[in-house]
Amino acid sequence: MRRRVRIGNLGGARAVILHRPHATVQALERQLGAIGLLVEAHWPELPAAALAADFIFFDADLGHDGQFPWAPGAAPMPMIALIGSEAPGRIEWSLDIGADAHVLKPVGGAGVYSALLISRSAFEARQQLAAEVAALRDRLEKRQTVVRAVAMLMGLGKSEDEAYAQLRRMAMAWRVSFEEAAERLAEAPRGPDAGARHDG
């Protein structure tokens, strides 16, 4: 199902600009202020308070990994690259660091608002994808735990169907999910015999 893009009010959002003092910063501050954002500029490093920002604009020309207090691609907010040089290496670095959108320098009278919306949409899509991947990994790990628990029970001479049935009864007796019962059984210090005795 196609995700609907949310275009909301940006007024009151906080933007941090990581760029050396320059006319680019002044032009960007004017545009962001006109949109209704609260703006602050820093160079060469981000202060700890920047972690609470809603958007980060950063200099793609002179920026480097060590300027950000998070791993590349793991920013807790949308990041927008300010690009003056279209050298492939600089663009590649911007993408690696996690740019969700970009604005070309020199900053003119347009482009900032759309960059804000595009970056927020890309950031939210990336966050949603990361959550879905984490959930899939969790489900896979739980399935592997169930397989281990069933194998343990089969090691006691039960058939596969009997092992699954016993694990299901354990879950009901312990009032936990099927997967949690498998985890308890797989991690039981005395092995499957302990779980089997608790099965009743």
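Residue 149: out of contact with any Phe, Trp or Tyr (no Cβ under 6 Å at 6 or more places or on another chain), surrounded by 15 or more Cβ atoms within 10 Å (Cβ to Cβ) and in the same structural domain as residue 75 (by TED's automatic domain parsing), yes or no? In short, no.
Scanning region 51-81 for residues that are over 23 Å from residue 111 (Cα atoms) and surrounded by 20 or more Cβ atoms within 10 Å (Cβ to Cβ) turns up just one, 68. For region 161-175, the candidate set comprises residues that are under 35 Å from the mean Cα position of the chain (by Cα) and among the charged types (D, E, K, R); within that set, the residue that is surrounded by the fewest Cβ atoms within 10 Å (Cβ to Cβ) is 175.
Mind checking whether some residue in region 16-32 is modelled with pLDDT under 95, within 27 Å of residue 129 (Cβ to Cβ) and within 22 Å of the chain's Cα centre (by Cα)? Within region 16-32, none of the residues are modelled with pLDDT under 95, within 27 Å of residue 129 (Cβ to Cβ) and within 22 Å of the chain's Cα centre (by Cα). Note on region 85-123: residues that are farther than 17 Å from residue 37 by Cα, in the same structural domain as residue 62 (by TED's automatic domain parsing), touching a strand residue (DSSP E or B) at 6+ places or on another chain (Cβ under 8 Å) and crowded, with 16+ Cβ neighbours inside 10 Å total 10. Any residue in region 126-155 that's modelled with pLDDT of 90 or more: show its pairings with residues that are loosely packed, with under 11 Cβ neighbours inside 10 Å and basic (Lys, Arg) at Cβ separation under 9 Å, as long as the two are six or more apart or on different chains. Listed pairs, sorted by first residue: 128/3. Could you check, for region 115-126, whether at least one of its residues is in contact with a Ser or Thr (Cβ under 8 Å, 6 or more places away or on another chain) and not small (Gly, Ala, Ser)? So far as region 115-126 goes, no, none of its residues is in contact with a Ser or Thr (Cβ under 8 Å, 6 or more places away or on another chain) and not small (Gly, Ala, Ser).
With the requirement that a residue be of a type in the set (S, T, N, Q) and over 22 Å from residue 84 (Cβ atoms), what does region 105-135 give you? Before you say what the answer is, go through the steps one by one.
Going residue by residue through region 105-135, those that are of a type in the set (S, T, N, Q) are 114, 119, 121, 127-128.
The answer is 121, 127, 128.
Filtering region 15-45 to residues that are surrounded by 20 or more Cβ atoms within 10 Å (Cβ to Cβ), part of a helix (DSSP H, G or I) and either hydroxyl-bearing (Ser, Thr, Tyr) or in contact with a helix residue (DSSP H, G or I) (Cβ under 7 Å, 6 or more places away or on another chain) (or both) leaves 24, 28, 31, 32.
The values are calculated or read from the model by the stated rules, or taken from the named source; none is laboratory data. As the structure is a computational prediction, the values presented were derived from the model and not from experiment. Neighbour counts run over all protein chains shown; Cβ positions are idealised from the backbone, glycine included.
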